[in-house]
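None of the figures in this text is laboratory data; all of them are computed from the coordinates on show. Computed from a predicted structure; not experimentally measured. In this analysis, Cβ positions are derived from the backbone assuming ideal geometry, glycine residues included, and neighbour counts consider all displayed protein chains.
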């Protein structure tokens, strides 16, 4: 067997294996990239011993057994071309959104607050950063 054939064959196998089926296919149109159902994980900022900050979309839920404890609960997003459905522990909210393909941002009106999110991509997730710098990581449902 010729060495160049072997190197080419092994390179092909490596590239085939490294492109996992869960990888995102990123398109120039951001709405196509966001389309569908996503599990959202909210990043927390510990400001001090008693204060946790996070994105406004992320609900803080008090423990029903021990009222001195609470936690940030994860949420679900479903994107259609013009609407985001947000499933949180306190209910389901459907909101229109607008996407700016030039700046890779989208805007929503949530509880009378205008929220703007920058959209970042890596191989398997979409990362949203709100205007205050808080992060929400989306992974395909």
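So what's the projected area for the stretch 83-141, the Cα convex hull averaged over all directions, in nm²?
Taking a quarter of the hull surface, the average projection is 4.7 nm².
Taking neighbour Cβ counts within 10 Å as the exposure measure, how do 126, 62 sort from fewest upward?
Listing 126, 62 from fewest to most nearby Cβ atoms yields 62, 126.
So what's the stretch 26-140 giving for Rg/Rh, alpha carbon basis, Kirkwood Rh from the mean inverse pair distance?
0.98
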